Amino acid sequence: MVHPLLPLFLFLGAILLEIFGFAWVGGAVGALSTVALVVITAVIGLWIFRLQGVAHWQRMQGMLQRGELPARDLLEGWLLMLAAVLLLVPGFFSDAAGFLLLVPPLRTRVATWLLGRRGVWVAAARRAGPDAGDTIEGEYRRRQDDDTERLDDHRDR
């Protein structure tokens, strides 16, 4: 079982890593250059994300028109959005991770790996889907506007 504080420790570790990256780069090139680098990487990354996002959207629409299921491409779209978020977060390590997710072959490999772990997702989806349990049958009647008779509510008993 995973320790419940693990996400907190990972989050704090990522923040400390980004602070270390700022201090290291700032010591090498100066504070103003460090801020400029962070802004430039965010702008370039978002520009690349926009270009790839449009191409990715068009490819998915073509697949849907052909009747194909774009499961991996849909997951790649989510990874593209994650890359954009990582590029907007100030820091050099998050920028590096974001730029790595913008590389199409690497993004495809990550999506394929995640889909390979879908056995758990499929099992959970089957339990939660429309065929999950017994059919519930019932009756209804249309109530007229002038109908003052109310149905008994048996939940109170």
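Return the distance in nm (one decimal) between the two label points of a simple spin-label model at Gln65 and Leu5, each offset 7 Å from Cα along Cα→Cβ.
The two pseudo-label positions are separated by 5.5 nm.
What is the sum of charges, Lys and Arg at +1 and Asp and Glu at -1, for the other residues whose Cβ falls under 12 Å from the Cβ of Val25?
Values: positive: none; negative: Glu18, Asp95.
My count for the surroundings of Val25 gives -2.
Which whole-number value in Å² is the accessible area per residue of the stretch 1-86, probe 1.4 Å? If you can, show how the numbers build up before the last one.
On the way: 6250 Å² over 86 residues.
Heavy-atom accessible area per residue stands at 73 Å².
Tally Lys/Arg at +1 and Asp/Glu at -1 over every other residue whose Cβ is under 10 Å from the Cβ of Leu101; what's the total?
Numbers: positive: Arg107; negative: Glu76.
Around Leu101, the charge tally is 0.
Given a Förster radius of 25 Å and the C-beta distance between Gln58 and Trp113 as r, what FRET efficiency does 1/(1 + (r/R0)^6) yield to the nearest 0.05? Provide the component values of the computation, followed by the final result.
Values: r = 25 Å, r/R0 = 0.99.
Calculated transfer efficiency: 0.50.
Just from the alpha-carbon atoms, what are the Rg and Dmax of the stretch 1-130 in angstroms?
For the stretch 1-130, the Cα radius of gyration and maximum Cα-Cα distance read 18.3, 59 Å.
In nm, to one decimal, how far is the modelled label at Ile15 from the one at Ala96, with both set 7 Å along Cα→Cβ?
Label-label distance for Ile15 and Ala96, simple model: 2.1 nm.
The values are calculated or read from the model by the stated rules, or taken from the named source; none is laboratory data. What you are looking at is a predicted structure, and each value in this text was computed from that prediction instead of being measured. Ideal geometry is used to build each Cβ from the backbone, glycine not excepted, and the neighbour counts take in all protein chains shown. Surface areas here come from the heavy atoms of the whole protein model, side chains and all, with no ligands, DNA or RNA. Shrake-Rupley method; radii C 1.70, N 1.55, O 1.52, S 1.80 Å.
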